[in-house]
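Novice: The structure under discussion is supplied below as structure tokens; questions concerning it will follow.
The values are calculated or read from the model by the stated rules, or taken from the named source; none is laboratory data. Quick caveat: nothing in here was measured; it's all calculated off a predicted structure. Don't worry about glycine lacking a Cβ; one is built from the backbone with ideal geometry, like all the others, and counts go over all protein chains shown. Remember, those area values only see protein heavy atoms, side chains included, never the ligands or the DNA or RNA. Shrake-Rupley method; radii C 1.70, N 1.55, O 1.52, S 1.80 Å.
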Amino acid sequence: MTDHELYDELLRLLREGMPEPAPAEFDDETGFLPLGVDVDGDVAVVTFLCREPLGLFIEGTTFHRRNGEWMELGGGGGAAPDRPLARRTASELGGHHLLTYGTGKTVRNADRLLPWGAKWVSQARLQVSAEVARLHVGNRFMSVPAHGHAVVVWGARRAPVVEALSEDGSVLGSLDLGQPLGALRSTA
């Protein structure tokens with residue numbers, strides 16, 4: 001898949017959302033598998049699993065909507081865990097319902113004239129236990145795909161708190177995304 005084709009696919013996912021059910025295997029032609037999409041007002045992120053010569057990687061790309069159009073800001077990623085599409089139980093995630101395995105920030109007003117006043121778009125990539133049906137972030141609710149990967153985006157200075165909800169809506173745990181990466185483990 002060329003960079004242009006990847007960009008077009010990311011924009012399609014922003015417009016249409018994640019396919020239901022979420023894909024469970026690679027398209028042999030592209031080596032690309034969408035994992036999650038989150039939109040919060042005028043900022044968004046799309047995560048995907050990609051096949052590279054050195055192995056599997058999970059990447060997240062952030063966007064900002066300007067004049068009705070989504071503009072790519074940038075992103076990053078890292079190596080995927082073993083069996084990246086296998087949903088894990090809370091006990092397999094060290095007793096946690098939410099586990100952060102990647103975060104990132106991109107500036108959304110890079111065209112400003114002065115160096116201060118930067119506005120950021122932040123993202124967090126999460127592994128969600130099999131017991132969790134939905135996530136509650138601010139005023140949004142997100143379904144968790146069968147593979148258990150989720151992504152959260154925000155443009156505010158303060159990072160949100162994510163709540164893991166069971167099928168009946170009870171709170172299984174919460175995670176403050178404003179904590180340092182090493183401390184990002186859900187509470188029971």
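Novice: Report Rg (one decimal) and Dmax (nearest whole number) for the range 58-138, counting Cα atoms only, units Å.
Specialist: When restricted to the Cα atoms of the range 58-138, Rg and Dmax are 16.4, 50 Å.
Novice: In square angstrom, what is the accessible area per residue of the chain with a 1.4 angstrom probe?
Specialist: On the way: 10020 Å² over 188 residues.
So the chain comes to 53 Å² accessible per residue, rounded to a whole number.
Novice: Let me ask something else about it. By how many nm would the segment from Lys105 to Glu25 grow when fully extended, if each residue of separation counts as 0.36 nm and the alpha-carbon distance is taken off? Write down the numbers at each step before the final one.
Specialist: On the way: separation 80, 0.36 × 80 = 28.80 nm, distance 2.84 nm.
Length difference between fully extended and current span is 26.0 nm.
Novice: Turning to a different aspect of this structure: Rounded to a whole number, what % of the accessible area of the chain do carbon and sulfur atoms account for, probe 1.4 Å?
Specialist: Carbon and sulfur: 51 percent of the exposed surface of the chain.
Novice: With +1 assigned to the C-beta of every Lys and Arg and -1 to the C-beta of every Asp and Glu, and no other charges, what is the dipole magnitude of the chain about the Cα centre in debye, to the nearest 20?
Specialist: So the dipole magnitude of the chain works out to roughly 920 debye.
Novice: Related question: Using the basic label-point model (7 angstrom from Cα toward the beta carbon), what is the Ser91 to Arg12 distance in nanometres?
Specialist: 4.1 nm
Novice: Still on this structure, I have one more. Please give the peptides 16-22, 36-42 ranked by average Cβ packing (other Cβ atoms within 10 Å per residue), highest first, as a rough proxy for protection.
Specialist: Taking the mean over residues of other Cβ atoms within 10 Å, the ranking is 36-42, 16-22.
Novice: Report ³J(HN,Hα) in whole Hz for each residue of the range 136-147, in order, from the Karplus equation J = 6.51 cos²θ - 1.76 cosθ + 1.60 where θ = phi - 60°; Gly and Pro get x.
Specialist: Each residue's phi maps through the Karplus curve to give 10, 10, x, 9, 10, 10, 10, 6, 9, x, 4, 7 Hz.
Novice: Using helices alone, what [θ] at 222 nm do you get for the chain, with -39,500 (n - 2.57) per DSSP H run of 4 or more residues, divided over all residues and rounded to the nearest 500?
Specialist: Helix-only estimate at 222 nm: -2500 deg cm²/dmol.
Novice: Have a look at Ser174, Ser91, Ser143 and tell me which one the Gaussian network model of the chain (Cα, springs below 10 Å) gives the largest fluctuation.
Specialist: Ser91
Novice: Just to verify a number: FRET efficiency for Glu69 and Leu114, C-beta to C-beta distance, R0 = 22 Å, to 0.05?
Specialist: 0.30
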